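Okay, so here's the structure we're looking at.
The values are calculated or read from the model by the stated rules, or taken from the named source; none is laboratory data. Note that this is a predicted model, so its numbers are computed, not measured. Here the Cβ positions follow ideal geometry from the backbone for every residue, glycine too, while neighbour counts run over all protein chains shown. Ligands, DNA and RNA are stripped out before the accessible areas are found, and what is left, the full protein with its side chains, is counted by its heavy atoms. Shrake-Rupley method; radii C 1.70, N 1.55, O 1.52, S 1.80 Å.
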Amino acid sequence: MNIWIAVLSAITLAYGAYYVIIGILGSLRKRRVIPSARPRKKLAVLIAARNEEGVIGECVASLKAQRYPDRLYDIYVFPNNCTDDTAGAAERAGARVICPDVPIRSKGDVLFFAFERLLSAPEHYDGYLIFDADNIVDEQFLKRANDALLSGVHAAQGYRDSKNPHANWISGSTSIFFWAMDGMYNRPRYKLGMSAAFNGTGILLSAEAARAVHRQTYSLTEDLELTALCAMAGYRLAWINDAVTYDEQPTTFVDSFRQRRRWFGGSFQCFLRYEGQLISLTARRRDTFCLDMMMLFLGTVMQLLGVVPGVITAIAMLIRLLSGQIALWMVVASLLGAAAFSYVVLALFALAVCAMERKIRPGIEKGILMFPIFMLTWLFSNLSVFFAGVPTKWKQIRHGAKRAKRAKTEIAN
C-alpha cells in the first residue's frame, strides 16, 4: 500500500512540477511586447447572449467607446434562447443583432453559427474577437488586437480581469483564480515562446485561423476546445497583456459550483476527444503547444489520482484507530495539522497572486482568506463529474444590472 501511495504521489508531484518550472522560467524572461501600429485591420466582434438584457447594453457601449476607427469594426450580438429583450437592448446600444435560426445548446454552437454566417459573408474581416455579454472591454483592446494581427499573430488571448472582485468571497476567489491564469499560466508561456490558452473571453482569431479551426465544438468548454484545435492546426496563441476584459464573476455559491463543474466536465470531454491526437502530434512534430495542451487536459485525471493517496492514508489510519494501534487524538491532530498547512499555503498563494498582479485593494482580503475553502469546494465540484457524470447542457449564470453598476464603480476605483 505504501508503494502505491509513493508512486501516485510521485506522479502527481511531477505533474505539478511541470507547471511550477514553466512559471519560474517564464518569470525570469523579459516581457515580450507586441509593437504598436496604425489601425488597418477590419474586425468583427462576436457576442453570444442569453437573457442578458441587464448587461448587454453596457458591454456594447464599452465596445462602441473603443479607441479604434468605427469604420474598421462591427459589433455582432447573437441572442439565443432568450425570454427577455436582449436583442432589443443590444440593438438600441448600437450592435448588429443576428438571431440564430438553428438549435443552440451552448456558446460553442453560437460561435459555430456566427463563423458560418460571417466567414462566407461578402464583407471581409481580418480578425474576429469573442467576448461575453456581461463584459466591459478596455478602450484599447481593439487597437491592441490590430497590432497583434499586423505583427503576424493569428490567435491571441487578452488579460481577463474582474468587474466585481470585491463583491464577496466567491467573486473574490474566482477573480484570484483568473489572475493566476493570467500571471502564472499565460504570461510565462508567452515569454518562453510557448503558447497561451484561450480563457473564455477576450479572444482573438485571424480570418485564416478562424477558417482553420471553424467546426462544431463538442465540449462544454469551447475556449479550451478552440485552444486544442489551434494547437493541432499549428497556431500558437499570443498573450496580449494590455488588452483587458473585465468579466463579471458569480456571487452565489450555487452559480459558482455549477460553473466550475461545467469547466471540469468540458475539460474531461476534451481529454477523451483530443488527448490521443495531441499525444500523436506531440511525438510526430515535437510540438510544445500540443504537449502543453496534452498536459492541461491530463489534469482532469491527475486530480482524481491526487486524491487517491489521501484516501488510502485515511483508510489506513481508520483501520489502525479501530484496531487500537493509534489514539483518536493522534488522528485528530494529524488531520488538523494537514488542514492548517494546506490552508496557509493556499492563502499565501492567493496573496502572492494579488501582489504580483497588483490587485491588493480593500475588499480583496475576503477572497484571499476564503481562497483555500474555494479550492476545496472546487475539488468536490470536479470529482462530482466522475461520479455524477458530465453536465448534459450549459446552464446560464444570471447577471444583474445592480451588480453591473457596482462593478463599474469598482473598475473606476
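At a glance:
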item: Size of charge dipole - region 187-277 - debye, nearest 20, with Cβ of Lys, Arg +1 and Asp, Glu -1, no other charges; result: 260
item: 0 to 90° range, to nearest 10: angle between helix 253-285 axis and the chain longest Cα axis; result: 90
item: Helix-derived mean residue ellipticity, 222 nm - over the chain, DSSP H n ≥ 4, -39500 (n - 2.57), to 500; result: -19000 deg cm²/dmol
item: Per residue accessible area in Å² of the chain, where ligands, DNA and RNA are left out and the probe is 1.4 Å; result: 46
item: Surrounding net charge for Arg117, when Lys and Arg each add one and Asp and Glu each subtract one, Cβ distance under 14 Å; result: -3
item: Positive dipole terminus of region 200-245, leading residue within Gly200, Thr245, Met232 (C-beta point charges); result: Met232
item: Highest average packing first - 193-205, 339-351, 29-41, Cβ atoms within 10 Å; result: 193-205, 339-351, 29-41
item: Student exercise, the chain dipole from Lys, Arg, Asp, Glu Cβ charges, in Debye to nearest 20; result: 720
item: Translational diffusion coefficient (Stokes-Einstein; Kirkwood radius from C-alpha pairs) of the chain at 4 °C, 1.567 mPa s, in µm²/s; result: 57
item: Dipole of the chain, positive end: most advanced residue of Ser120, Ser27, Leu220 [Cβ charges, Cα centre]; result: Ser27
item: Rounded percent of accessible protein surface that carbon and sulfur make up, the chain, 1.4 Å probe; result: 62
item: Acute angle (nearest 10 degrees) that the helix 401-412 long axis makes with the longest principal axis of the chain, alpha-carbon atoms; result: 90
item: Total charge dipole magnitude, region 61-130, about the Cα centre, Cβ charges on Lys, Arg, Asp, Glu only, Debye to nearest 20; result: 200
item: Entries of Lys42/Lys107; Lys30/Lys359; Lys42/Lys143; Lys107/Lys366; Lys163/Lys366 with Cα pairs more than 20 Å apart; result: Lys42/Lys107; Lys30/Lys359; Lys107/Lys366
